[in-house]
Structures are given as C-alpha cells and as structure tokens.
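Colleague: Handing you a structure now.
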Amino acid sequence: MDYDENENIAYQNNATGVKITYFPVIHTRKGSIGYKLEWNGLSMIYTGDTKPETNSLKQACNNVDGVNKGVDVFIHEMIVPAEIWAMKAARLTDPDDASEQAVEIATTVQNSSHSPQGAFGYLLSQIEPRPRLTVATHFPTADDTVACAMKSVGQHCRVVRGRDTLPGEGAARITWSFDLMVISVFPERIVEQQGKVQEFGFSATYQPPPGTIVDPGDFNTPKYHYPDQSGGTSGDPYAQIDTSTAICACDSDTECNYRIDGY
C-alpha cells in the first residue's frame, strides 16, 4: 500500500465503524508498515518489528482535534541486547561466552530492524498520555529477560506489571506477549487472558465459548474456489496455480508415481 501523509486508510466499514489505518515503520527494507485499529471509541496499534521511530509515537499519542487522547493498547516490538540474543540462541548461560561473530550479527540485525529495550522505554516515555496497556512483542519472554528489560525500560519511564494493576498517573502498564495471548478491551478495563485450545487434539484449534453457534456461511470462500459460469463456485484446487512443473500421481492409466489418496 502506498503511503500518503494525509490518507492512509487500509480498511473502513461505515456500517460497523471499524477503521484501520497504516503508517511506515523501519525494518530492513523500505515498505514495512504498522497498523492502527479504531472502533467503538477504542483504539489499538500494532507496529510489527521496527526500529524506534516517530510515526509510531505520533500515532500512539492519538491526537484528536488538537488533544492527545492516547491509544488503549500499544503493541510494539522489543528485542533483548545483542549479547543476550547471541547467548540465548546458542543455549549458553553467560553472555560473555557468546562468540564475537554471533554478537556482531545480532547487532547488525538489531540496528536494521528492531527496538532495543532502552529505546522501547524512551519511546514509551514520549507518549502522552500513556497507553492503557503496552505490549512488548518479538521478545524471548522468560523470567531473566523480562527482569532485565524492566530495568532498561524503567530507566526512561515508570512502568508496572500485573494483569490487574492500575499504572497510576504518568506510569505505563506493560506486559509481554506469549503464545495464544488474548487481550479483551473494554472502556473501563483491559483483561489479559490466554486462548484455550485442545491440549491433545488433532490440531490446536480455537474453541468457541460453550453455546456459541458457528454458521459456516460466516467464513470467507477458500482461495482455491472461484466463481463458475453458473454463479456458484468450483472446487478445483488447481484453479489459481501453475501445474506445469507438478509431479502427477499418475502419468497414465497404467503408470503411477504415487498413490493419490496419500497412502
């Protein structure tokens, strides 16, 4: 999507009031973007991986008619220091044991695409008012890494942790992302939860709440279906792909390469 300083709308639904805008961030090659969702008087930003930059800051301040309203949820990338990154990647216990080459590579990657802990704290300190909840993503979450990051962020901005903790005036409530994280945002509260999936099921499929009626008609048509001449859809799985280099199950009625049923 092309970036325009005035109109950066990725999606807008006048019936529901949902609006999604986008803005450029900094990640290795030109073209990366962050997103801002606004709906029902609430707002959320997801930056993706990025170096600290001013567009995210400006969007998070959420200036409305000359007044900084602030966003409800600010999801921004943060990475551990390069030597810690190299240490963890090599399964070591002391950052001094990480090779200079590994640290150099991690530093290069960080400098091109990611936000160090202190930079994350500085960025957060410049957002006024503070987001109701700030979420650190792309972070190897563990007791030691989070404790280290809290010290770095705290040098720039007063932060508190805890799902039910109120940050207080001028402070920021911060949390770290984890698999299956669910954030429920209400005008009066924000609740952090973890999605429930089948622990030993065929796949880790989302389970809707008991009593929820799921209408198959609510789902989008799969990409491998396409409209046919009768106005319906075709079930041809090859409709959108080039099969000229495919290895077929059978070249003829008598010569077969493998069983098409998968056995």
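The values are calculated or read from the model by the stated rules, or taken from the named source; none is laboratory data. This is a predicted model, so every value here is computed, not measured. FYI the Cβ positions are ideal-geometry reconstructions off the backbone, even for glycines, and counts take in every protein chain you see. SASA here: full protein model, heavy atoms, side chains in, ligands and nucleic acids out. Shrake-Rupley method; radii C 1.70, N 1.55, O 1.52, S 1.80 Å.
Colleague: What's the number of the condition residue 41 fails, among (1) out of contact with any strand residue (DSSP E or B) (no Cβ under 7 Å at 6 or more places or on another chain); (2) open to solvent by 30 Å² or more (accessible area, probe 1.4 Å); (3) under 30 Å from residue 147 (Cα atoms)?
Modeller: (3)
Colleague: Here's another thing I want to ask about it. Please identify the pairs in which a residue from the range 65-87 that is more than 17 Å from residue 43 (Cβ to Cβ) has its Cβ atom under 7 Å from the Cβ atom of a residue that is among the aliphatic types (A, V, I, L, M) and not in a helix (DSSP H, G or I), counting only partners at least 6 apart or on another chain.
Modeller: Within 7 Å, the pairs are 78/136; 83/98; 85/79; 86/98; 87/98.
Colleague: Being small (Gly, Ala, Ser) and assigned to a strand (DSSP E or B) is the filter here; which residues of the range 44-54 pass it?
Modeller: As a first pass, look at the range 44-54 and keep what is small (Gly, Ala, Ser): 48.
Within the range 44-54, none qualify.
Colleague: Check 230, 203 and return the single one that is assigned to a loop (DSSP other than H, G, I, E, B), modelled with pLDDT of 65 or more and either over 25 Å from residue 43 (Cα atoms) or open to solvent by 100 Å² or more (accessible area, probe 1.4 Å) (or both). If you could, list the steps in order and put the result at the bottom.
Modeller: Details: 230 fails: modelled with pLDDT of 65 or more.
Only one candidate qualifies: 203.
Colleague: Separate question: Please work out if residue 28 is within 27 Å of residue 80 (Cα to Cα), in contact with a Ser or Thr (Cβ under 6 Å, 6 or more places away or on another chain) and open to solvent by less than 70 Å² (accessible area, probe 1.4 Å).
Modeller: Values: within 27 Å of residue 80 (Cα to Cα): yes; in contact with a Ser or Thr (Cβ under 6 Å, 6 or more places away or on another chain): yes; open to solvent by less than 70 Å² (accessible area, probe 1.4 Å): no.
Here the answer is no, as residue 28 does not meet what is asked.
Colleague: Within the range 6-43, restricting attention to residues that are touching a residue at least 40 places away in the same chain (Cβ under 8 Å) and in a loop (DSSP other than H, G, I, E, B), which residue is farthest from the chain's Cα centre (by Cα)? I'd like the intermediate steps shown before the answer.
Modeller: Keep residues of the range 6-43 that are touching a residue at least 40 places away in the same chain (Cβ under 8 Å), which gives 26-28, 41-42.
Next cut, in a loop (DSSP other than H, G, I, E, B) only: 26-28, 41.
Numbers: 26: 15, 27: 14, 28: 17, 41: 22 Å.
Checked the range 6-43; the qualifying residue farthest from the chain's Cα centre (by Cα) is 41.
Colleague: I've got another one for you. Just to be sure, is residue 165 modelled with pLDDT of 90 or more and either touching a strand residue (DSSP E or B) at 6+ places or on another chain (Cβ under 8 Å) or of a type in the set (D, E, K, R) (or both)? Steps first, answer last, please.
Modeller: Numbers: modelled with pLDDT of 90 or more: no; either touching a strand residue (DSSP E or B) at 6+ places or on another chain (Cβ under 8 Å) or of a type in the set (D, E, K, R) (or both): yes.
When the stated conditions are applied, residue 165 does not pass them.
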